[in-house]
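Since the structure comes first, as C-alpha cells, the remarks are kept for the end.
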Amino acid sequence: MTAHPISETVASLMPRAQAELAELVAFQSVADPAQFPKSECEAAANWVADALRAEDFQDVALLDTPDGTQSVYGFLPGPAGAPTVLLYAHYDVQPPLDESAWLSPPFELTERDGRWFGRGAADCKGGFIMHLLALRALKANGGVPVSVKVIAEGSEEQGTGGLERYAEAHPELLAADTIVIGDTGNFRVGLPTVTATLRGMTMLRVTLDTLEGNLHSGQFGGAAPDALAAMIQLLASLRAEDGTTTVDGLTTDAEWDGLQYPENDFRKDAKVLDGVELIGTGTVADRIWARPAVTVIGIDCPPVVGATPSLQATARAQISLRVPPGQDAAEATKLLTAHLKAHAPWGARVAVQQVGQGQAFRADTSSPAYTSMAQAMEAAYPGEKMQSSGMGGSIPLCNTLAALYPEAEILLIGLSEPEAQIHAVNESVSPEELERLSVAEALFLQNYAESKRA
C-alpha cells in the first residue's frame with residue numbers, strides 16, 4: 001500500500017471492518033423461507049439500515065419489494081452541485097450447502113491462512129463493508145465529495161427480481177450519474193479488475209409425468225416408461241458429447257476478445273480433478289464469458305439410502321441457462337422451453353415453469369468514470385494497471401439500471417476473486433483485497449468528483 005492518507009485511514013479501520021463483517025455474516029440471510037427463517041433476512045436488513053444511519057445517511061428505509069423481501073436504501077448528501085453516485089451490494093447469501101464440508105461454521109467469520117471465511121464474506125456482505133470503509137476514509141480526509149445513494153438488495157441470489165421491479169415502479173429513487181456495483185471481483189488477487197460484461201440467466205423448472213403412480217420395477221420395468229429415466233435422457237439432450245451447451249436455436253460459437261483465462265489457471269481455480277477434461281470448445285474465456293452455459297442445478301429423485309425398486313411416475317429438475325451479452329434472455333427462455341418440450345422422450349407429459357430471468361450486461365469501458373477508476377486502482381495497487389474482464393455470473397439489476405438511467409455510467413468491482421469460492425463451501429474474502437478495493441473506491445469518488453468539476 002502507498003502512504004496516501006486514504007490508504008492509512010483504511011488500514012486503521014480494518015479491525016473494525018472485520019468485527020462488523022463478523023456481525024453481518026452471522027445472519028443466516030438466505031432469501032428462501034423454505035430453508036431459513038425470514039427473520040434472519042429481516043435482521044440483516046436492519047443491521048445494514050443501522051449502519052447507514054450511523055454514517056449520517058438520510059431517508060434510510062427498508063423497501064418492501066414485490067418478491068416479499070426487503071432492500072435497504074439510504075442517501076448521503078454531498079456538496080452543492082456534486083454528482084450522485086449509487087453504491088450497490090446485497091446482503092442476502094447462498095445457502096451453505098454441505099455444512100459438514102466447511103472447515104469452520106459457515107455463519108461464523110473465521111480467520112485462517114490469511115483469509116476470512118464465512119458465507120457472504122465476499123458475496124456480498126463484504127461488498128457492503130467495502131462501501132462503508134471507502135466512505136469512512138473520505139470522511140476522515142476532508143469529506144465525501146459526491147452525493148451517495150446506497151442500495152443493499154435482499155434477494156439477489158434468488159433471482160426473483162424484487163428490486164428490479166421496485167426500481168421500475170420508483171424510477172427516481174436510484175437515479176445517479178454513476179453506479180458502482182460492488183458484486184464482482186478481481187481476475188486474480190492483487191490484479192485490479194473491472195468487470196465489463198455479465199452473462200444473463202434464465203431459470204426453469206421442468207416436470208415430467210409418465211405414470212399415474214410409482215410401479216414395481218421388476219413387474220413393470222422394461223416396458224413402463226420411467227419418468228426419472230425420461231428426465232435423464234431429456235437433460236442429456238442439453239449438451240453435446242464434448243459438453244457444449246446444445247439448446248435448439250441458441251448460438252454457441254461467440255468469441256471473447258479481451259483478457260484471456262489460461263487453461264491451467266482455470267483448472268486450478270475450478271479445482272478440476274487430475275485427468276478430468278474441461279467441457280466445451282474454444283478458449284476458456286469464450287466458454288465462460290461469451291457463450292451460453294446450461295447447468296442442472298437440482299433434480300428430484302429418490303436418494304440412494306432408502307431407495308426401493310420402483311419406477312418413478314414423476315420427475316422434476318431445475319435448469320439454469322447463462323446467457324451471454326448479445327443474446328436476449330427472454331428469447332433464450334423461449335428456446336430452452338421449446339427444446340425441453342421437443343426432446344422429452346416417449347411422449348412424457350412436460351410442464352415448464354419459469355422461476356427466474358435476467359438480461360446480460362455490457363459496460364461502456366471508454367466512459368470518464370472508467371478513467372477515474374483506472375487512476376484509483378493504479379494508486380491502490382502500486383505497479384498494476386486496471387484490467388477489464390467478463391464474468392460468467394448474472395446481476396439482473398444492472399440491465400434494469402441501464403434501462404432506467406441510460407446516461408449513467410456503471411462500474412462493476414468487488415471481492416469475488418477466484419480464491420473466494422463464492423457459492424461453494426468455505427467461501428472466504430481476502431482482507432488485503434477488501435482493504436485495497438476500499439482505498440480504490442474512495443480514490444475513485446475523489447477522482448470522479450474532480451473530473452465533474454473540471
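The values are calculated or read from the model by the stated rules, or taken from the named source; none is laboratory data. Since the model is a prediction, treat every value here as computed from it, not as a measurement. With ligands, DNA and RNA removed, areas are computed over all heavy atoms of the protein, side chains included. Shrake-Rupley method; radii C 1.70, N 1.55, O 1.52, S 1.80 Å.
Worth a mention:
- Computed Rg/Rh of segment 1-156, alpha carbon atoms with Kirkwood Rh: 1.00
- Between L191 and D50, the contour length at 0.36 nm per residue exceeds the alpha carbon distance by 47.5 nm.
- Pairwise Cα inverse-distance average, inverted: Kirkwood Rh of segment 267-362 (Å): 16.5
- Screening the chain for whole DSSP H helices of 15 Å or more along their axis (Cα) with average Kyte-Doolittle hydropathy at least 0.0 returns 5-25, 125-139, 329-343, 368-380.
- (i) 200; (ii) 169; (iii) 154, with the label sought being that of the calculated volume of the Cα convex hull per residue in Å³: (iii)
- At a probe radius of 1.4 angstrom, the accessible area of the chain per residue rounds to 42 square angstrom.
- The chain - share of DSSP beta bridges that are antiparallel (%, nearest 5): 70
- With 0.36 nm allotted per residue and the present C-alpha distance subtracted, the D265-V304 stretch has 10.5 nm of extension available.
- Pair-distance profile P(r), taking every C-alpha pair of segment 1-55, with 10 angstrom steps and integer %: 22, 36, 26, 13, 4
- Of H131, H4, the residue with the largest accessible area leads and the full order is H4, H131 (1.4 Å probe).
- For segment 155-280, alpha-carbon Rg and Dmax in angstrom: 22.1, 69
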